[in-house]
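J.: First the structure, then my questions, so here it is.
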Ligand SMILES: [Zn+2]
Ligand SMILES: [Zn+2]
């Protein structure tokens, strides 16, 4: 990655390889060839960015690809519980749409989700098991689950099946794979992504409609202008009362300093 100017994060575990990386098209295909060579049947999902959305190169070796804290649950190689984008689309837009659950963390749903999807309110993925225990979902009816790129669901589905759910299906390649086929389908809003683009729209390109709130680091679509430097930024409703209209920690400190000075003059 360093040699070919590719940036991003790759996670290695005994159960597989997962990562998001960015670079020039030629460098990306070079990296893809390399990963195919060492890891075999890897699925790649492409999206476009004009700017480099990562600042670092990192490769982490972890016990699990996604932190379910259940390293004992290992995805099967030949699993038939995947739905293609076409099958998924037919189910969710059909006459009797089944229960659809979004397995992402709650803040990721702020920017968009599938129409009528249930938000289990997860703060982290390790809450998934507790949610299943408390929600008491019907086990006879089919349940559809999805996430950003289909990786988290590889684990989420195992957790469900270990609890007796037989008719649970996951969206292969996640929202990103679905949008590739159905940009105007059943996914509403924008898809949160874990890099500087924050979200991608239906065409899988960054829209600039969302930014990361400097107060909490979560996505927001409320655009403001920084009182210190004049730059545009996004401040979420939760932070509105506790964080001044400032785009960064440095600007916040200067704004607060000025506000205190003005208050002293006034008193
Ligand atoms: Zn905030
Ligand atoms: Zn500023």
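Every read-out reported here was derived from the displayed coordinates using simple, explicitly stated rules and does not represent laboratory data. Keep in mind that what you see is a predicted model, and the values were worked out from it rather than measured. Cβ: placed from backbone, ideal geometry, glycine included. Neighbour counts: every protein chain shown.
J.: Restricting things to Cα coordinates, could you compute the convex hull volume per residue of the stretch 2-157 in Å³?
T.: 148
J.: Principal axis lengths of the stretch 106-159 from Cα atoms, whole Å, largest first?
T.: Result for the stretch 106-159: principal-axis Cα extents of 31, 24, 20 Å.
J.: For the stretch 76-219, what is Rg from Cα atoms divided by 2.2 N^0.38 Å, rounded to two decimals?
T.: Normalised Cα radius of gyration, the stretch 76-219: 1.02.
J.: For the chain, what is the calculated [θ] at 222 nm in deg cm²/dmol (nearest 500), taking -39500 (n - 2.57) for each run of four or more DSSP H residues and dividing by its residue count?
T.: One gets -8000 deg cm²/dmol as the mean residue ellipticity at 222 nm.
J.: So, one more: Going 7 Å from the Cα of residue 118 in the Cα-to-Cβ direction, what parts of the stretch 169-189 have a backbone nitrogen less than 17 Å from that spot?
T.: Correct set: 169-171.
J.: Now for a separate question. How long are the semi-axes of the equivalent ellipsoid of the stretch 130-196, defined as square roots of 5 times the Cα gyration tensor eigenvalues? Whole Å, largest first.
T.: Here the semi-axes work out to 25, 13, 11 Å.
J.: Among 140, 203, 64, determine the one that fluctuates most according to a GNM of the chain built with springs between C-alpha atoms less than 10 Å apart.
T.: Taking springs between Cα atoms under 10 Å, the residue moving most is 140.
J.: What's the angle, to the nearest 10 degrees (0 to 90), between helix 25-39's Cα axis and the longest principal axis of the chain?
T.: Once rounded, one gets 40 degrees.
J.: Separate question: Taking every eigenvalue of the Cα gyration tensor of the chain, multiplying by 5 and rooting it, what semi-axes result, largest first, whole Å?
T.: Output for the chain: semi-axes of 36, 24, 18 Å.
J.: Still on this structure: Based on the Cβ-Cβ distance from residue 216 to residue 86, what FRET efficiency comes out when R0 is 45 Å, to the nearest 0.05?
T.: With R0 = 45 Å, the Cβ-Cβ based efficiency is 0.75.
J.: Would you work out the relative contact order for the stretch 126-267, in percent, from Cα pairs under 8 angstrom that are 6 or more residues apart?
T.: Computed over the stretch 126-267, the figure is 13 percent.
J.: In a GNM of the chain with a 10 Å cut-off on Cα contacts, which of 131, 178, 169 has the highest mean-square fluctuation?
T.: Per the Cα network of the chain with a 10 Å cutoff, 131 tops the list.
J.: Could you check the simple spin-label distance between residue 262 and residue 245, using points 7 Å along Cα→Cβ, in nm with one decimal?
T.: 0.9
J.: With a 10 Å Cβ neighbour count serving as the proxy for reagent exposure, in which order, fewest first, do 192, 233, 44 appear?
T.: Sorted ascending by nearby Cβ count, the order is 44, 233, 192.
J.: Given a Förster distance of 51 Å, report the FRET efficiency between residue 46 and residue 253 from their Cβ-Cβ distance, rounded to the nearest 0.05.
T.: That gives a FRET efficiency of 0.80.
J.: Between residue 127 and residue 24, take the C-beta separation as r, use R0 = 25 Å, and let me know the FRET efficiency to the nearest 0.05.
T.: Result of the calculation: an efficiency of 0.05.
J.: Taking 2.2 N^0.38 Å as the expected size of a compact globular protein, what ratio does the Cα radius of gyration of the stretch 179-267 give against it, to two decimals?
T.: 1.39
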